[in-house]
Amino acid sequence: MFRFFENLVDPYVDYPEEDRPPTRLWPFMRAYSEPFYKVFAWTALISVIVAAVEVGLIYYMGRVVDLMGGDPASVWETHGTELILVALFIILIRPLIHILDVVLLNNAIMPNFGTLIRWRAHKHVLRQSVGWFENDFAGRIANRIMQTPPAAGEVIFQVFDAISFSLAYLIGAAVLLMLADVRLLLPLLIWFGFYALLIRWTIARVGPASKAASDARSAVTGRVVDAYTNIHSVKMFAHHESELSYAKDAIESTRKTFQIEMRIFSKMDMVLVTLNGFLIVGVVGWAMFLWMQGQASAGVVAAATALTLRLNAMTGWIMWALTSFFRQLGVVAEGMETIAQPIDLVDAPGAKALELDKGRIELRALSHHYGRATGGLDRVDLVIEPGQKIGLIGRSGAGKSTLVKLLLRLYDIESGQILIDGQDISQVTQDSLRRQIGMVQQDSSLLHRSVRDNILYGRPDASEDQMRAAAKQAEADEFIHDLADPQGRLGYDAQVGERGVKLSGGQRQRVTLARVILKDAPILLLDEATSALDSEVEAAIQDTLYGMMKGKTVIAIAHRLSTIAQMDRILVMDQGRIVEQGSHADLLKENGLYALFWARQSGGFLGDGAGKDKAEE
């Protein structure tokens, strides 16, 4: 039975992905709720039926009290069949209705609704550009992805478990009192008017307070995760106390926002208990007055009393359900600040896959300043012929990394073009472009998975033998066999820790190289590919790198000029432009910027300024 209801909605069903999802709350919720519309309709109907049954039972208990006023034998003779049928309904039919209500809500909706939102939100966020991620805490992004689905699920739960049920129950109670004596409706309506004002007052304050509290919690998560992610820096610079202070500010802000939220609930409870006192006295007292006047039966008084006490018990629950509803909407609204942000770096309409034939790269008047007036690249023209090996050097900030990022289309070009085999990269799909490019970065962070998973990231369909061959070529196989993690996994099955922290810098770099070797892309980008390696390993890896370069178009960024001296052509960048280019020997003869860098090298590093090398900084 459970499996049937659990499979009524597939949370992973295909859907049209939107680059610009709804930014207003209700359209946002409606878009995510679409696969559940039929289930929602049935759940609402059953919830109303459950409320009607509960009101009907109270009505019938009043009837039973009236029946008991007669002779017991004649009551059974006249009403025995009726009583048996009602008993069977209570024993058999009522539980079935409740079971259907429970399984629709608990099994069909709750697990699947949260899963659908988390899946789609994660899918949307993964499509964001690198620049988007650079502008926020990873911890805060993850926190919003994790807390929004349960909050949205709680919203739906309250709609069907409390709001629809309570509305149906209140309407049923009004009808019951009206049928008994229309005058009994008056105190209920007066009470409901004040109750509605209390709800309005509470809701107006709970939503903003909850959003502020949720935002404060996300800020705490962001700061804490930032400290944990950079724990080596925290320990190395002995900043334990300053990190505690940094986190405490956010934690204290969370406490204050939560205090404000709780004050609202306390005030609500104080007023509610007073209102409910008037409800009980008004309805029950009025019913007793009518009974004393002979205008109402004892059954009416019993039903009115039972109904009023039930409403008294329900009003607190209804109020909490409503405040929870709007509080969770506040959490969803805060999560939307991440989940509903538009995707700005998108494939062009009708974009096709890159068809790489030779690997010729052409840059035409390429400029990119990250939205500023200076920095980045400035009107760069460049042609790299198929199979050509290019070395790229320049001071920090000269534009080297910007060129590589634009080639990978991690950012949209502000002006100019990049063509690969005559195809504008802005007009091809991003995935097809990046599949044709192998990249080894200076920051060789790894996924918190096994060594095998990290290497296979370069080509998931590779065989075990191909994966191990790539590791051997990257001089990584030997140290991998000696790895062991705390769970006892060995060698290629050992976990490398977050960002690969369980490995040394050189080991991480070699695993990264193995991954790129396995990918075997026709265009190769090297950004300080050997910077984390010791001299002995670097010498071995250099041979590997030159082997990798055969038949590929290569761009290699280096501060250590000896690593690119054998390139076909070396480009010298300064202030976003190519100021010199040629072979190593030709550039030395020119006695320009390259010759100055070469002369001022210390330990093989390129200086950031004319008179200050890297080692001195």
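The values are calculated or read from the model by the stated rules, or taken from the named source; none is laboratory data. Remember, it's a predicted structure, so these values are computed and weren't measured experimentally. In this analysis, Cβ positions are derived from the backbone assuming ideal geometry, glycine residues included, and neighbour counts consider all displayed protein chains. Keep in mind that these areas ignore ligands, DNA and RNA; they rest on the heavy atoms of the full protein, side chains included. Shrake-Rupley method; radii C 1.70, N 1.55, O 1.52, S 1.80 Å.
Structure notes:
- Listed residues V50, V13 arranged by accessible area, highest first, probe 1.4 Å: V13, V50
- Its Kirkwood hydrodynamic radius, worked out from the mean inverse distance over all distinct Cα pairs, puts the stretch 96-218 at 18.2 Å.
- Cβ charges +1 (Lys, Arg) and -1 (Asp, Glu), total dipole of the stretch 190-295, debye: 180
- Residue-normalised convex hull volume from the C-alpha trace of the stretch 200-266: 57 Å³ per residue.
- Near R120: Cβ cut-off under 12 Å, other residues only, Lys/Arg at +1 and Asp/Glu at -1. The net charge is -1.
- Where only C-alpha atoms are counted, convex hull volume of the stretch 401-464 per residue in Å³: 115
- When each of K248/K502; K123/K519; K389/K552; K211/K256 is checked by Cα-Cα distance, pairs over 18 Å: K248/K502; K123/K519
- Placing pseudo-labels 7 Å out from each Cα toward the beta carbon at F237 and E414 gives an inter-label distance of 2.9 nm.
- Per residue value of the accessible surface for the chain (all protein chains in place, 1.4 Å probe), Å²: 50
- Cβ-Cβ FRET estimate between L92 and L126, R0 fixed at 30 Å, reported to 0.05: 0.05
- Cβ-Cβ FRET estimate between W76 and M270, R0 fixed at 56 Å, reported to 0.05: 0.70
- Only Lys, Arg (+1) and Asp, Glu (-1) charged, at Cβ; the chain dipole about Cα centre in debye: 960
- Where only C-alpha atoms are counted, convex hull volume of the stretch 237-387 per residue in Å³: 319
- Beta bridges per DSSP, both residues in the chain: antiparallel share near 50 percent.
- Residues S245, S426 ordered from highest to lowest accessible area at a 1.4 Å probe: S245, S426.
- Compactness ratio for the stretch 79-156: Cα radius of gyration over 2.2 N^0.38 Å (N = residue count) comes to 1.96.
- For G376, the shell of other residues with beta-carbons less than 12 Å away shows a net charge of +3, using +1 for Lys and Arg and -1 for Asp and Glu.
- Pairwise FRET efficiency - D431 versus T115, Cβ, R0 = 30 Å, nearest 0.05: 0.75
- Of the solvent-accessible surface of the chain, computed with a 1.4 Å probe and all protein chains present, 58% belongs to carbon and sulfur.
- Span-like helix check, the chain: qualifying full DSSP H segments, with Cα axial length of 27 Å or more and mean Kyte-Doolittle of 1.0 or more, are 37-67.
- Three-way shape label, the stretch 1-56, alpha-carbon gyration tensor, a/c 1.5: oblate
- Full extension of the chain segment joining D66 with T374 gains 102.0 nm, where the gain is 0.36 nm per residue of separation less the Cα-Cα distance.
- The convex hull of the Cα atoms of the stretch 406-554, projected and averaged over all directions, covers 9.6 nm².
- Length-normalised contact order for the chain - Cα pairs under 8 Å, 6+ apart - percent: 14
- For the chain, the spread of Cα positions along the three principal axes, ordered from largest to smallest, is 121, 49, 46 Å.
- When the Cα positions of Q495, A521, F479 are compared along the charge dipole of the stretch 477-525, A521 comes out farthest toward the positive end, with charges on each C-beta of Lys, Arg, Asp and Glu.
- Dipole moment magnitude, nearest 20 debye, the stretch 348-470 about Cα centre, only Lys, Arg, Asp, Glu C-beta charged: 320
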